[in-house]
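Written out below as structure tokens is the structure these notes cover.
Rule-based calculations on the coordinates, nothing more; no lab input. Just so we're clear, the structure is a prediction, and the values are computed from it rather than from any experiment. Ideal geometry is used to build each Cβ from the backbone, glycine not excepted, and the neighbour counts take in all protein chains shown.
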């Protein structure tokens, strides 16, 4: 990865971080301003919406951590190196997902393993072996 690509990716990460932090601050303010509703159905709907928003905010919080980690790796000189195999992660992949820590091959292998485990769990945790 050349210096120009690295600078461009750093700008993307910093922009993403600023946007995420702004969204989190807005959401926290909106939660504190809502008052209870007199109708129980309206209250239930509001609670359901809040629960959904909290799940989204939790994902955003995790993404913020990943952005900080990517920026830390940039400072350390390890950004763009696959954590699994040690190969360089392509600039194209980093542009698509700047917080990624795995090359496309390792990520595909990890997802295939997750699918295999899910199939085993769905089948009751047994394999189809003759005994």
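Counting other Cβ atoms within 10 Å as a rough exposure proxy, the listed residues 117, 60 run 117, 60 from fewest neighbours to most. With all pairs of different C-alpha atoms in the average, the Kirkwood value for the hydrodynamic radius of the stretch 3-122 is 17.2 Å.
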